[in-house]
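Enquirer: Before I ask anything, here is the structure I am working with.
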Amino acid sequence: MESQVNKMDHKEFVSKIIALYHEARLPKYQNNKISRGRSHTISSSVEDLFANFLIDNDKTIDKILIDQPMKIKTKTIYPDITIIYDNEITAFMDLKMDLGWMRGGLADLYKKDQLLMDVARGNSCRYKYGSKKEFYKEIQVSKKAIYDIVVISDQNISEAMLKNQIEKINEFETESVKLHILTKNLHLNTYGLDHNYVLDKVEIDESQFNDLFHRIK
């Protein structure tokens with residue numbers, strides 16, 4: 001039996017994101033004459049980290065495609081994460097750092113992904129691959145595939161607005177799309193607080209992680 005002793009757990013995953021936020025505040029090239037105002041974006045790095053976290057915790061995943069455009073019939077979609085089991089796509093995911101990106105549009109994104117899965121399930125899709133994107137691969141989308149929205153932090157949005165968006169989602173809840181919010185109560189990118197303090201105070205919702213792993217197979 002393969003050992004799982006060294007797999008990345010939920011807390012280590014969150015800790016690595018906090019570290020990425022701290023690193024993003026610094027210039028890529030250190031020089032005492034250079035300082036940075038706004039931080040580098042870390043979304044691409046977190047996509048890579050999240051993919052590694054998923055595979056580290058589920059060795060049965062065959063492959064994860066990151067930020068890979070996929071063509072289904074005449075429509076091209078741009079999932080952040082595409083998960084493949086047994087040469088079949090079982091899950092697409094949108095990965096968001098927090099809810100500030102679209103405070104009033106979360107429910108609209110949910111509905112869009114729901115409509116997309118009505119078309120995608122059971123059909124084939126194709127994508128380009130290779131270092132020069134010179135090859136095409138065709139792959140089947142599972143009849144039970146999902147397109148979930150994974151949000152790292154519930155912050156950067158008012159409690160009332162978040163509640164409103166979740167209520168709208170519940171009006172047309174479907175098993176093909178689900179919202180997962182992984183951490184609560186404190187943003188992982190809080191200035192003036194050190195790494196260990198943030199890690200200690202943030203609420204990591206393990207039930208959301210567990211539900212996510214249950215759904216991707």
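Enquirer: For the chain, what is the accessible area per residue in Å² when the probe is 1.4 Å?
Expert: 57
Enquirer: Next question, about the same structure. Can you find, among S142, C125, Q114, the residue farthest towards the positive end of the dipole of segment 64-157? Put +1 on the C-beta of Lys and Arg, -1 on that of Asp and Glu.
Expert: The residue sitting farthest along the positive end of the dipole is C125.
Enquirer: Now for a different question. Test of the criteria: in segment 57-145, which trypsin sites (Lys or Arg not before Pro) are in a DSSP loop and have at most 13 other Cβ atoms within 10 angstrom of their Cβ?
Expert: Here the trypsin sites (Lys or Arg not before Pro) that fit, given the DSSP loop and packing criteria, are K59, K73, K132, K133.
Enquirer: Would you calculate a helix-derived [θ] at 222 nm for the chain, using -39,500 (n - 2.57) for each DSSP H run of n ≥ 4 and dividing by the full residue count, to the nearest 500?
Expert: Counting only the DSSP helices, I get -11000 deg cm²/dmol.
Enquirer: Tell me, which longest segment in the chain has none of the chymotrypsin sites (Phe, Trp or Tyr not before Pro) that fall in DSSP loops with at most 10 further Cβ atoms within 10 Å?
Expert: 30-190
Enquirer: While we're looking at this one, here's another question. Against the empirical 2.2 N^0.38 Å scaling, what ratio does the C-alpha Rg of segment 88-212 come to?
Expert: My calculation over the Cα atoms of segment 88-212 gives 1.25.
Enquirer: Which order do you get for H187, H180 if you rank them by accessible area with a 1.4 Å probe, largest at the top?
Expert: H187, H180
Enquirer: Just one of (1) 18.3, 56; (2) 19.9, 65; (3) 18.3, 54 is Rg and Dmax of the Cα atoms in Å as worked out from the coordinates here. Which one is it?
Expert: Here Rg and Dmax of the Cα atoms in Å agrees with entry (1).
Enquirer: Tell me, in nm to one decimal, what length is gained between N156 and D200 on full extension, where the rule is 0.36 nm per residue of separation less the Cα-Cα distance? Show your work: numbers first, answer last.
Expert: On the way: separation 44, 0.36 × 44 = 15.84 nm, distance 1.95 nm.
Roughly 13.9 nm would be gained on extension.
Enquirer: Then there is this: So how far apart, in nm, are the two label points at S45 and Y29 if each is 7 Å from Cα heading toward Cβ?
Expert: 1.8
Enquirer: If you don't mind, another one. Hey, got a sec? Which GluC sites (Glu not before Pro) in segment 122-175 land in a DSSP loop and have at most 13 other Cβ atoms within 10 Å?
Expert: The qualifying sites are E134, E173, E175.
The values are calculated or read from the model by the stated rules, or taken from the named source; none is laboratory data. Worth saying up front: this structure is predicted, and the values here are computed from it rather than measured. Please note: Cβ atoms are built from the backbone with ideal geometry, for glycine as well, and neighbour counts cover all protein chains shown. To get the accessible areas, we keep the full protein, side chains included, count just its heavy atoms, and leave off ligands, DNA and RNA. Shrake-Rupley method; radii C 1.70, N 1.55, O 1.52, S 1.80 Å.
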